[in-house]
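The values are calculated or read from the model by the stated rules, or taken from the named source; none is laboratory data. What you are looking at is a predicted structure, and each value in this text was computed from that prediction instead of being measured. Quick reminder, even Gly has a Cβ in these numbers, built from the backbone with ideal geometry, and neighbours come from all protein chains shown. Just the protein is used for accessible areas: all its heavy atoms, side chains included, with ligands, DNA and RNA removed. Shrake-Rupley method; radii C 1.70, N 1.55, O 1.52, S 1.80 Å.
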Amino acid sequence: MASEHTVLQFSSPSSVSFTAKVHPLVIFNICDCYVRRPDQAERVIGTLLGSILPDGTVDIRNSYAVPHSESSDQVALDIDYHHNMLISHQKVNPKEVIVGWYSTGLGVTAGSALIHEFYSREVPNPVHLTVDTGFNNGEGTIKAYVSVNLSLGDRQLAAQFQEIPLDLRMVEAEQVGFDILKTTMVDKLPTDLEGMEASMERLLALIDEVYKYVDNVVEGRVAPDNNIGRFISDTVASIPKLSPTAFDKLVNDSLQDHLLLLYLSSITRTQLSLAEKLNTAAQVL
């Protein structure tokens with residue numbers, strides 16, 4: 001006689017294929033809200049705005065903080081403030097919709113399930129983003145989660161947070177700012193030249209890593225990866241083929257154009273200041 005078994009299973013619509021991409025502006029905004037938080041608040045909670053890309057990736061492009069209060073067994077969100085901020089943001093950019101919510105700190109907490117349940121009523125399958133604003137040892141832990149339902153047969157028992165892949169890409173200017181943000185104490189902000197120097201040092205370090213990887217693959221010490229090989233090939237192919245003389249001329253021309261713009265803007269400011277003083281003197285006379 002065959003015995004019947006009740007299966008305990010996880011279920012969530014397409015949660016396995018979920019990926020998220022967050023723009024650096026969101027991280028900077030979250031850290032700024034954390035610095036400006038009330039003295040009694042231990043963490044900051046807010047709404048994530050963005051869109052769903054055609055490939056299913058959640059594109060997180062903006063955010064705003066939502067006032068809240070929480071205790072060991074309950075969390076209270078200012079829902080009216082949340083809706084008013086959403087209306088204001090959508091007047092500026094109607095294409096941005098709610099895609100999830102964020103909180104500062106390491107990982108999820110006991111109250112995260114309550115907040116996630118609220119955002120599940122606002123949008124299907126919201127993404128929960130956690131940002132470690134402590135930046136311990138100069139590292140910032142940023143993770144994304146979705147809720148996975150734990151069911152027993154046809155009955156839902158609970159929900160569990162499952163981490164999903166998160167893509168955080170920055171241009172060089174954003175990377176310099178993010179590196180400063182991870183440093184808890186900074187004497188001064190770097191100049192443009194210092195920022196360029198830091199970017200070049202990082203670029204040289206990455207090139208050295210690529211050289212070592214290619215050498216290891218050629219020598220047979222590392223198994224080849226076709227995806228990495230294609231990525232390196234596409235990167236090398238995207239570099240324009242210029243002679244050293246043409247490259248130097250291109251850089252010098254760009255630098256001269258930049259200096260000319262600075263000179264013209266300085267003349268404009270001086271002329272406006274002089275016109276304002278002459279206008280003030282004429283009114284006095």
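For this structure, a couple of remarks:
- Derived scalar couplings ³J(HN,Hα) [region 193-203; Karplus, 6.51 cos²θ - 1.76 cosθ + 1.60; whole Hz; x for Gly, Pro]: 5, 5, x, 5, 4, 5, 5, 5, 5, 5, 5
- In terms of accessible area, using a 1.4 Å probe and ignoring ligands and nucleic acids, Ser112, Ser254 rank largest first as Ser254, Ser112.
- Förster radius 35 Å - calculated FRET efficiency between Ile267 and Leu193 (Cβ-Cβ, nearest 0.05): 0.90
- With 0.36 nm allotted per residue and the present C-alpha distance subtracted, the Val210-Leu250 stretch has 11.7 nm of extension available.
- Accessible area in square angstrom per residue, region 190-239, 1.4 angstrom probe: 85
- Under the convention that each Lys and Arg Cβ holds +1 and each Asp and Glu Cβ holds -1, the size of the dipole of region 40-107 around its Cα centre is about 280 debye.
- Surface share of carbon and sulfur [accessible, 1.4 angstrom probe, percent] for region 190-239: 62
- Those aspartates and glutamates that a straight Cα-Cα span of less than 17 Å connects to Lys143, excepting residues fewer than 8 apart in one chain: Asp59, Asp132, Glu163, Asp167
- In Å², nearest 10: area of Leu53 left accessible to a 1.4 Å probe: 50
- Fully extended contour minus Cα-Cα distance, from Thr141 to Val284, at 0.36 nm per residue: 45.4 nm
- Val148 long-range amide H proximity, modeled H, under 5 Å: Gln160, Phe161, Gln162
- Subset of Lys21/Lys91; Lys95/Lys241; Lys212/Lys241 violating a 29 Å alpha-carbon distance limit: Lys95/Lys241
- Evaluating 6.51 cos²θ - 1.76 cosθ + 1.60 at θ = phi - 60° for every residue in region 235-251, the Karplus couplings come out as 5, 5, 5, 7, 7, x, 8, 10, 6, x, 5, 5, 5, 4, 5, 5, 5 Hz, glycine and proline recorded as x.
- Lys, Arg +1 and Asp, Glu -1 on Cβ, resulting dipole of region 190-239 about Cα centre, debye, nearest 20: 280
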